[in-house]
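Here is the structure we will look at.
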Amino acid sequence: MFRLFRQRALRWQALLVLVEFGLLVGCVYAAVALRFWGETDVQSAFGLTVHWHALLVAGVLILAMAALGLYQVHLRATWMGRLSRQGVAFVLGWIALTVLYYAFPEAYLGRGLLAIALVLGYVAVVAWRVAFLGFVDADLFKRRVVMLGAGKRAAEVANKMRRRTDQRGFKILGYVPIGADPVAVPAKSLLHPEGNLCKWMRRCGVDEIVVGPDDRRGTLPVEALLDCKQRGVVVTELAAFFEREAGNIMMDLTNPSWLVFSEGFNISPLRRRVKRGFDVTIASLVSLLAWPFMLLTALAIRLDSGRGRPVLYRQERVGENGRTFALIKFRSMRTDAERDGVARWATRHDNRVTRVGRFIRKVRLDELPQLWNVLRGDMSIIGPRPERPQFVDDFNARIRYYSLRHCVKPGLTGWAQLRYPYGSSFEDAQEKLKFDLFYVKNHNFVFDLAILVQTVEVVLFGRGAR
């Protein structure tokens, strides 16, 4: 799919989708049997068309669950959170199917049948996910990993990925100290291979070796690692391992040469044309669907603030290659919010926000005028969020590699918005940069499409809004 997802995770995700699609198809058949119990003639009549009805229902519900992030590899949520997301996904699926039925009457399944199918499908998917997640989380089915190195770098990764949800799909067997690096991991986690390293790895059933000593000069067992690699054991550099598993770039593990020689950061002319076509298409479609909401928002701002007060707000932001542009939003703050001319972060319970502004920020309606920025070419649908020049100048001076996020157009939404809450400080900017650079390094059409679909979850649940 793209480098975000490791191959093993892709197989599990594919299994999850295929089984759930099959369950949902089966639930439509079960709904027909229950709704017309004992009426064999009616069941036979439905049997002639139920096949494609079932495929349509299952397909729409799978897309709705994907929109709510239920197929994310790195989804972190409680069971209550998962159940609520699935419930919202089924409601969205029901609404989408209702619209489809009005547009294409021949696809109509029947209200009673659809209701039964949705209830059965919800229960079936919940039961399957309980079994599936228990199966995938079992150590027996996880990739077995050994860390080559037990110093500060290896310990930092261990601390960042100490939660069980961070290690879904793999299990760290332990850490092998090499060279003169001071040991920074607990003694109980240390491993001491005896004899031939490759044979020891094979005896322990190791699937992957992650190389992460603090100082690798003259200390790496290069020949042994090559031997392991030739015998089917994956050898991965620590920074690449963390990027793959965590979905962001750990700045403390990177250096200029790693950024230059690692895969990614590819912005070919073809990629630019595809991304521009994607931006124009999505911005046009959303504009056509959202114009009534935009009209109501403008009216609410005018009624709340009175005549003579601006409805739109223009603010200078930094775009691709450091060029500035005027970002357009619905005004959500008082007109005197920065009367002294000093740029300030928006904060929780910000007293500069108007009554209408608080609502439109929560549901993201204030962002809709930026579709014009996308159509003009100042922004993309997907990309790092644009920041104000005053903040960017400060971040460029204080945060290493911050300027790299400007090698692509800023976006209306992005990977950092999905993975990190709203940022309103220097520390938040540092953390969000890890996700922004991951996007810049790995972006492609499929990644953009996945982010767009999952943004529905952010809008519905209000995560990250201020």
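The numbers here are math on the coordinates, done by the rules we state, and not lab data. Please read these numbers as outputs of a predicted model, since none were measured by experiment. Ideal geometry is used to build each Cβ from the backbone, glycine not excepted, and the neighbour counts take in all protein chains shown.
Miscellaneous remarks
- Ordering of 393-400, 365-372, 446-453 by packing [mean C-beta count within 10 Å, highest first]: 365-372, 446-453, 393-400
- At R0 = 51 Å, FRET efficiency that the Cβ-Cβ distance of residue 202 and residue 396 yields, to 0.05: 0.60
- Listed by Cβ neighbour count within 10 Å, with the fewest neighbours leading, 286, 206, 28 appear as 286, 206, 28.
- Fully extended contour minus Cα-Cα distance, from residue 446 to residue 229, at 0.36 nm per residue: 75.1 nm
- ³J(HN,Hα) computed for each position of segment 357-365 - Karplus, 6.51 cos²θ - 1.76 cosθ + 1.60, integer Hz, glycine/proline x: x, 5, 6, 5, 5, 5, 9, 6, 5
- For residue 352, no residue has an amide H sitting under 5 Å from its own, ignoring neighbours fewer than 5 places away on the same chain, with H placed 1.01 Å from N.
- Bridge type composition, segment 142-247 - antiparallel percent by DSSP, nearest 5: 0
- With R₀ set to 56 Å, the beta-carbon distance separating residue 15 from residue 307 gives a calculated FRET efficiency near 0.40.
- At an R0 of 25 angstrom, the distance between the Cβ atoms of residue 189 and residue 428 translates into a FRET efficiency of 0.20.
- Potential lengthening between residue 107 and residue 355 on full extension [0.36 nm per residue; Cα-Cα distance subtracted]: 84.9 nm
- Distance between the 7 Å Cα→Cβ label points at residue 324 and residue 219: 4.7 nm.
- Exposure proxy order (Cβ contacts within 10 Å, fewest to most) of 21, 426: 426, 21
- Ranked list, fewest to most other Cβ atoms within 10 Å of each Cβ, for 443, 406, 192: 192, 406, 443
- Amide H within-cut-off set for residue 236, under 5 Å, with H built and near neighbours excluded: 209, 210, 211
- Segment 142-247, relative contact order [Cα under 8 Å, separation at least 6], %: 34
- With 29 Å as the limit, the listed pairs 152/275; 171/362; 171/434; 199/441; 152/432 have 152/275; 171/362; 199/441 beyond it between alpha carbons.
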